[in-house]
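Data block below; observations after.
A short reminder: the numbers here are calculations on the coordinates, not readings from a lab. Treat the numbers as computed from the prediction; the structure is a model and nothing was measured. Reconstructed Cβ throughout: ideal geometry from the backbone, glycine too, with neighbour counts over all protein chains shown.
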Amino acid sequence: MKAVRAAAATVVLALLALLVWDMAHGNGGGIAAKVDHGHVVSEPKMELPFFSRPGTFDLASYRGKVVVLNFWASWCVDCKLEAKTLHDAAAAAGKDVVFVGVDGTDFSSAARSYMRRYGIDYPVVRDVNGSAKSTWGVTGFPETFFIDPAGKVVRHVIGPITPNAQFSAKDMQQTIRQLLS
């Protein structure tokens, strides 16, 4: 019996070690890791289906505008905390700024309910197979990327953007102003 317990404990520890290694090395970091290391990266090709309307979102078609790309999920507590901040910022943004939500892991009904509850009326796209999450190097929700008018990814924020967060609503407004100038 002791041998079985020891073997089970060894297997569990090995799986835990594999999980930790995979989280640290699994996707190569994508765009997020490069931007976090101070690099300015060209936006990747990104074509995803819109959530609530026909057609496909093509990131390249927004060249000439600042794009705020926010990865979220309806079950994410921090996403709920930042939803009003993003809604208000999107509503106040001028014609040269576009907010885009990327719903990563939800059933359609849960995503619809979240968007309705938090007044998300800017474009939302579906990352059905996780390819965008992988390409961008998103490791959790929420994560936000700022893309300049030339199509360069210049900033990556992990965690909620709220008035009192480490990266606050005021920081977001300042980043957008800098990218517009």
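Remark: relative contact order (the range 27-180) = 33 percent; criterion is Cα-Cα distance under 8 angstrom and separation of 6 or more residues.
Between Leu180 and Ala92, what length in nm is gained on full extension when 0.36 nm per residue of separation is reduced by their alpha carbon distance? Mind dumping the intermediate values first?
Details: separation 88, 0.36 × 88 = 31.68 nm, distance 1.44 nm.
Once the chain is fully extended between Leu180 and Ala92, it gains 30.2 nm.
DSSP finds beta bridges in the chain, and of those with both partners inside it, around 60 percent are antiparallel. R0 = 35 Å: FRET efficiency of Arg117 with Gln166, Cβ-based, nearest 0.05? Result of the calculation: an efficiency of 0.90. Think of the chain as having a plus end and a minus end, set by charges on the Cβ of Lys, Arg, Asp and Glu; of Phe50, Phe145, Thr175, Phe50 sits farthest toward the positive end of this dipole. Compared with the dominant Cα axis of the chain, that is its longest principal axis, helix 77-92 is turned about 10°.
Computed over neighbours whose Cβ is under 14 Å from that of Ala60, the net charge equals 0, Lys and Arg +1, Asp and Glu -1. Taking 17 Å as the cut-off, the amide N atoms of the range 146-160 that come nearer than this to a point 7 Å along the Cα-to-beta-carbon line of Ser42 belong to 147-154.
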